[in-house]
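The structure appears right after this line, and notes come after that.
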Amino acid sequence: MRTTEYARKLDPNGRLLIPIRLREQLGIQPGETYSFYLHEENGIQYLCIACGDTDIAKARKLLEENGMKVSE
């Protein structure tokens, strides 16, 4: 596992800001829904999100970039 460390404060509404460099690196897009889960390793709990483009997300992005409307 590659380790990248960022530090951010949790805001009063329980939100964490994900830095833009990290969002770009992981392919995280504003307005999209991401699942998150807890992972425990060596007694340490990690909050994880599933990110990156799936084949469906890649196809949707390609269609939208070419002016086509994609519905759910």
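The values are calculated or read from the model by the stated rules, or taken from the named source; none is laboratory data. As the structure is a prediction and not an experimental result, all values here were calculated from the model. Reconstructed Cβ throughout: ideal geometry from the backbone, glycine too, with neighbour counts over all protein chains shown. Remember, those area values only see protein heavy atoms, side chains included, never the ligands or the DNA or RNA. Shrake-Rupley method; radii C 1.70, N 1.55, O 1.52, S 1.80 Å.
Observations, loosely collected:
This table checks each residue for (1) open to solvent by 70 Å² or more (accessible area, probe 1.4 Å); (2) in contact with a His (Cβ under 6 Å, 6 or more places away or on another chain); (3) closer than 26 Å to Glu5 by Cβ.
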| residue | (1), (2), (3) |
| --- | --- |
| Arg21 | yes, no, yes |
| Gln29 | yes, no, yes |
| Gly43 | no, no, yes |
| Ala50 | no, no, yes |
| Leu62 | yes, no, no |
| Lys69 | yes, no, no |
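Rundown of residues vs (1) part of a strand (DSSP E or B); (2) at pLDDT below 85; (3) in contact with an Asp or Glu (Cβ under 9 Å, 6 or more places away or on another chain), yes/no style:
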residue	(1), (2), (3)
Gly14	no, no, no
Leu17	no, no, yes
Leu22	no, no, no
Gln25	no, yes, no
Glu32	no, yes, no
His39	yes, no, no
Leu47	yes, no, no
Gly52	no, yes, no
Lys61	no, yes, yes
